[in-house]
Amino acid sequence: SIFYINDLHGKMTNMERLYAISKQFDYFTPSYEMDKLKLASGDIILGENYLANKVAHNFMNWSGFSATALGNHEMDVIPTKMSELTKDAKYKILGANVTVDKGTPMDGKITKSFVEEHNGNKYGIIGIAPSDVLDRVKHNKSVEEMHVSDLESTIQSVQEEIDKFKAQGINKVILLSHSGYDNDKRIAAETSGLDVILGGHSHNILENVKDGVNLLTSKDGE
(Lines give C-alpha, C1' and ligand atoms only; values in the text may rest on other atoms or scores of the structure.)
Protein backbone atom coordinates (compact mmCIF):
# COMPACT_ATOMS: atom_id res chain seq x y z
CA SER A 1 0.00 0.00 0.00
CA ILE A 2 1.43 3.36 -1.05
CA PHE A 3 0.81 6.75 0.55
CA TYR A 4 1.82 9.20 -2.16
CA ILE A 5 1.96 12.99 -2.60
CA ASN A 6 3.10 15.44 -5.26
CA ASP A 7 3.07 19.14 -6.12
CA LEU A 8 2.25 20.54 -2.68
CA HIS A 9 3.99 23.78 -3.67
CA GLY A 10 4.73 24.64 -0.06
CA LYS A 11 1.07 24.93 1.00
CA MET A 12 1.19 24.57 4.78
CA THR A 13 -2.55 24.00 5.27
CA ASN A 14 -2.38 21.03 2.93
CA MET A 15 0.64 19.72 4.82
CA GLU A 16 -1.28 19.85 8.11
CA ARG A 17 -4.11 17.80 6.63
CA LEU A 18 -1.80 15.35 4.91
CA TYR A 19 0.22 14.83 8.07
CA ALA A 20 -2.94 13.81 9.89
CA ILE A 21 -3.97 11.48 7.05
CA SER A 22 -0.49 9.96 6.93
CA LYS A 23 -0.81 9.02 10.60
CA GLN A 24 -4.12 7.30 9.86
CA PHE A 25 -2.26 5.35 7.16
CA ASP A 26 0.42 4.41 9.72
CA TYR A 27 -2.08 3.21 12.31
CA PHE A 28 -4.37 1.30 9.94
CA THR A 29 -4.04 -2.44 10.53
CA PRO A 30 -5.72 -4.65 7.93
CA SER A 31 -6.67 -8.25 8.53
CA TYR A 32 -3.68 -9.30 6.38
CA GLU A 33 -0.03 -8.30 6.42
CA MET A 34 0.59 -5.17 4.36
CA ASP A 35 3.79 -3.47 3.23
CA LYS A 36 3.45 0.31 3.58
CA LEU A 37 5.46 2.82 1.55
CA LYS A 38 5.41 6.63 1.73
CA LEU A 39 6.68 8.35 -1.38
CA ALA A 40 6.59 11.76 -3.09
CA SER A 41 7.06 12.92 -6.66
CA GLY A 42 8.49 16.40 -6.27
CA ASP A 43 7.54 20.07 -5.96
CA ILE A 44 6.93 19.71 -2.24
CA ILE A 45 8.56 23.10 -1.66
CA LEU A 46 8.12 26.35 -3.58
CA GLY A 47 10.30 29.36 -4.19
CA GLU A 48 13.25 30.69 -2.25
CA ASN A 49 11.68 31.42 1.17
CA TYR A 50 13.96 29.40 3.46
CA LEU A 51 11.62 29.28 6.46
CA ALA A 52 8.67 28.13 4.35
CA ASN A 53 10.84 25.50 2.72
CA LYS A 54 12.03 24.37 6.15
CA VAL A 55 8.41 23.70 7.12
CA ALA A 56 7.98 21.54 4.02
CA HIS A 57 11.23 19.71 4.77
CA ASN A 58 10.13 19.03 8.36
CA PHE A 59 6.75 17.82 7.08
CA MET A 60 8.56 15.25 4.93
CA ASN A 61 10.66 14.09 7.88
CA TRP A 62 7.86 14.00 10.43
CA SER A 63 5.44 12.22 8.08
CA GLY A 64 7.96 9.47 7.39
CA PHE A 65 8.39 9.77 3.63
CA SER A 66 11.32 7.69 2.42
CA ALA A 67 11.96 9.48 -0.88
CA THR A 68 10.93 12.23 -3.28
CA ALA A 69 11.75 12.95 -6.88
CA LEU A 70 13.61 16.16 -7.62
CA GLY A 71 11.04 18.63 -8.93
CA ASN A 72 11.56 21.95 -10.66
CA HIS A 73 10.49 23.84 -7.54
CA GLU A 74 13.20 22.09 -5.54
CA MET A 75 15.54 23.63 -8.11
CA ASP A 76 14.14 27.11 -7.38
CA VAL A 77 16.34 26.90 -4.29
CA ILE A 78 20.00 27.66 -4.93
CA PRO A 79 22.21 24.62 -4.25
CA THR A 80 23.92 26.02 -1.13
CA LYS A 81 20.52 26.60 0.50
CA MET A 82 19.12 23.27 -0.70
CA SER A 83 22.13 21.44 0.71
CA GLU A 84 21.73 23.22 4.05
CA LEU A 85 17.96 22.64 4.06
CA THR A 86 18.23 18.89 3.54
CA LYS A 87 21.31 18.09 5.61
CA ASP A 88 19.21 16.20 8.18
CA ALA A 89 16.76 14.69 5.65
CA LYS A 90 15.40 11.27 6.54
CA TYR A 91 14.20 10.95 2.95
CA LYS A 92 16.17 10.52 -0.25
CA ILE A 93 16.11 12.95 -3.18
CA LEU A 94 15.98 10.95 -6.40
CA GLY A 95 17.03 11.94 -9.91
CA ALA A 96 18.17 9.10 -12.16
CA ASN A 97 18.31 11.61 -15.04
CA VAL A 98 20.24 14.27 -13.11
CA THR A 99 23.98 14.92 -13.31
CA VAL A 100 25.50 17.12 -10.60
CA ASP A 101 28.82 18.88 -11.14
CA LYS A 102 31.60 17.52 -8.95
CA GLY A 103 32.46 19.60 -5.90
CA THR A 104 29.23 21.63 -5.96
CA PRO A 105 26.91 21.79 -2.90
CA MET A 106 24.45 19.13 -4.14
CA ASP A 107 27.17 16.71 -5.25
CA GLY A 108 26.38 13.35 -3.62
CA LYS A 109 22.96 14.56 -2.40
CA ILE A 110 20.89 13.20 -5.29
CA THR A 111 20.47 9.44 -5.75
CA LYS A 112 19.35 7.61 -8.89
CA SER A 113 17.46 4.85 -7.08
CA PHE A 114 17.41 2.74 -3.92
CA VAL A 115 15.93 -0.43 -2.47
CA GLU A 116 13.32 -0.30 0.30
CA GLU A 117 12.51 -3.49 2.17
CA HIS A 118 9.38 -4.44 4.10
CA ASN A 119 8.61 -7.85 5.56
CA GLY A 120 11.28 -9.44 3.39
CA ASN A 121 9.88 -7.86 0.20
CA LYS A 122 12.28 -5.62 -1.73
CA TYR A 123 11.04 -2.64 -3.73
CA GLY A 124 13.22 -0.85 -6.27
CA ILE A 125 12.43 2.86 -6.27
CA ILE A 126 13.63 5.22 -9.00
CA GLY A 127 13.11 8.99 -9.32
CA ILE A 128 13.31 11.42 -12.23
CA ALA A 129 13.32 15.22 -12.55
CA PRO A 130 11.45 17.13 -15.30
CA SER A 131 13.20 17.27 -18.66
CA ASP A 132 11.70 20.74 -19.28
CA VAL A 133 13.37 22.18 -16.19
CA LEU A 134 15.06 24.99 -18.13
CA ASP A 135 11.61 26.28 -19.07
CA ARG A 136 10.42 26.06 -15.46
CA VAL A 137 13.29 27.42 -13.36
CA LYS A 138 14.73 30.89 -13.63
CA HIS A 139 18.43 30.90 -14.40
CA ASN A 140 20.31 30.25 -11.17
CA LYS A 141 23.08 28.07 -9.78
CA SER A 142 20.75 25.06 -9.72
CA VAL A 143 20.50 24.84 -13.48
CA GLU A 144 24.19 25.66 -13.84
CA GLU A 145 25.31 22.87 -11.48
CA MET A 146 22.54 20.25 -11.90
CA HIS A 147 21.76 19.03 -15.39
CA VAL A 148 18.58 17.13 -16.32
CA SER A 149 18.58 14.83 -19.36
CA ASP A 150 16.12 15.07 -22.24
CA LEU A 151 13.21 12.63 -22.34
CA GLU A 152 14.88 10.05 -24.58
CA SER A 153 17.94 9.87 -22.32
CA THR A 154 15.66 9.84 -19.27
CA ILE A 155 13.81 6.77 -20.56
CA GLN A 156 17.17 5.07 -21.09
CA SER A 157 18.27 5.96 -17.54
CA VAL A 158 15.05 4.54 -16.09
CA GLN A 159 15.57 1.27 -17.96
CA GLU A 160 19.17 1.08 -16.73
CA GLU A 161 18.01 1.35 -13.12
CA ILE A 162 15.29 -1.26 -13.69
CA ASP A 163 17.90 -3.60 -15.15
CA LYS A 164 20.13 -3.11 -12.10
CA PHE A 165 17.25 -4.15 -9.86
CA LYS A 166 16.50 -7.13 -12.07
CA ALA A 167 20.13 -8.27 -11.71
CA GLN A 168 19.58 -8.22 -7.93
CA GLY A 169 16.41 -10.31 -8.21
CA ILE A 170 14.13 -7.35 -7.45
CA ASN A 171 10.95 -7.35 -9.54
CA LYS A 172 8.81 -4.77 -7.75
CA VAL A 173 9.80 -1.42 -9.27
CA ILE A 174 8.26 2.01 -8.65
CA LEU A 175 9.07 5.24 -10.51
CA LEU A 176 8.68 8.61 -8.80
CA SER A 177 8.26 10.86 -11.82
CA HIS A 178 8.17 14.64 -11.96
CA SER A 179 8.06 14.45 -15.75
CA GLY A 180 4.36 14.99 -16.44
CA TYR A 181 1.50 12.72 -17.52
CA ASP A 182 2.23 12.55 -21.25
CA ASN A 183 5.88 11.73 -20.63
CA ASP A 184 4.90 9.13 -18.02
CA LYS A 185 2.78 7.35 -20.62
CA ARG A 186 5.79 7.24 -22.94
CA ILE A 187 8.00 5.90 -20.16
CA ALA A 188 5.45 3.18 -19.43
CA ALA A 189 5.29 2.16 -23.09
CA GLU A 190 9.03 2.33 -23.80
CA THR A 191 10.43 0.48 -20.77
CA SER A 192 10.05 -3.02 -19.43
CA GLY A 193 9.97 -4.18 -15.82
CA LEU A 194 8.35 -1.05 -14.37
CA ASP A 195 5.27 -1.73 -12.20
CA VAL A 196 4.02 1.60 -10.89
CA ILE A 197 4.54 5.22 -11.93
CA LEU A 198 3.72 7.85 -9.32
CA GLY A 199 3.48 11.00 -11.38
CA GLY A 200 3.52 14.73 -10.90
CA HIS A 201 4.35 18.05 -12.57
CA SER A 202 1.37 18.30 -14.95
CA HIS A 203 -1.27 18.14 -12.16
CA ASN A 204 -3.55 15.62 -13.87
CA ILE A 205 -6.22 14.05 -11.68
CA LEU A 206 -6.48 10.32 -12.40
CA GLU A 207 -9.26 8.43 -10.66
CA ASN A 208 -10.10 4.74 -10.63
CA VAL A 209 -8.43 2.21 -12.93
CA LYS A 210 -8.93 2.97 -16.63
CA ASP A 211 -7.32 1.01 -19.43
CA GLY A 212 -5.12 3.25 -21.58
CA VAL A 213 -5.41 6.12 -19.11
CA ASN A 214 -3.66 4.93 -15.97
CA LEU A 215 -3.45 1.22 -16.75
CA LEU A 216 -0.77 1.02 -19.43
CA THR A 217 1.18 -1.67 -21.26
CA SER A 218 4.98 -1.92 -21.33
CA LYS A 219 6.99 -2.69 -24.45
CA ASP A 220 7.05 -6.34 -23.29
CA GLY A 221 3.27 -6.45 -23.06
CA GLU A 222 3.05 -6.33 -19.27
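Values as computed for the structure displayed
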{"item": "Low-density loop positions, chymotrypsin sites (Phe, Trp or Tyr not before Pro), the stretch 1-93 - DSSP coil, at most 11 other Cβ in 10 Å", "result": "F28, Y32"}
{"item": "Cut-off 11 Å between beta-carbons: net charge of the residues surrounding I197, Lys and Arg +1, Asp and Glu -1", "result": "0"}
{"item": "DSSP-defined antiparallel bridges as percent of all bridges, the stretch 1-150, nearest 5", "result": "45"}
{"item": "Positive-end residue, the chain charge dipole about Cα centroid, Cβ charges, pick of G212, L85, L39", "result": "L85"}
{"item": "Solvent exposure of the chain as accessible area per residue, Å², 1.4 Å probe", "result": "51"}
{"item": "Helix-only CD estimate at 222 nm, as mean residue ellipticity for the chain, using -39500 (n - 2.57) per DSSP H run (n ≥ 4)", "result": "-10000 deg cm²/dmol"}
{"item": "Cα-based shape type of the stretch 122-222, given that a ≥ b ≥ c are square roots of the gyration tensor eigenvalues and the cut on a/c is 1.5", "result": "oblate"}
{"item": "Alpha-carbon spread of the stretch 70-164, three principal axes, descending order, Å", "result": "43, 34, 22"}
{"item": "Selection of GluC sites (Glu not before Pro), the stretch 1-99, meeting DSSP coil and at most 10 other Cβ within 10 Å", "result": "E33"}
{"item": "Shape of the stretch 174-222, Cα gyration tensor, a/c cut at 1.5", "result": "oblate"}
{"item": "Length-normalised contact order for the stretch 66-106 - Cα pairs under 8 Å, 6+ apart - percent", "result": "57"}
{"item": "Debye, to nearest 20: dipole size of the stretch 12-128, +1 on Lys, Arg Cβ, -1 on Asp, Glu Cβ", "result": "120"}
{"item": "Portion, in percent, of the accessible area of the chain that falls on carbon or sulfur, probe 1.4 Å", "result": "49"}
{"item": "Electrostatic dipole magnitude of the chain [Cβ: Lys, Arg +1; Asp, Glu -1; Cα centre; debye, to 20]", "result": "580"}
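The values are calculated or read from the model by the stated rules, or taken from the named source; none is laboratory data. The shown structure was predicted, so the numbers you read here are calculated from the model rather than taken from an experiment. Methodologically, a virtual Cβ is constructed for each residue, glycine included, from the backbone with ideal geometry; neighbour enumeration extends over all protein chains shown. Note: accessible area is taken over every heavy atom of the protein model, side chains too, but ligands, DNA and RNA are not part of it. Shrake-Rupley method; radii C 1.70, N 1.55, O 1.52, S 1.80 Å.
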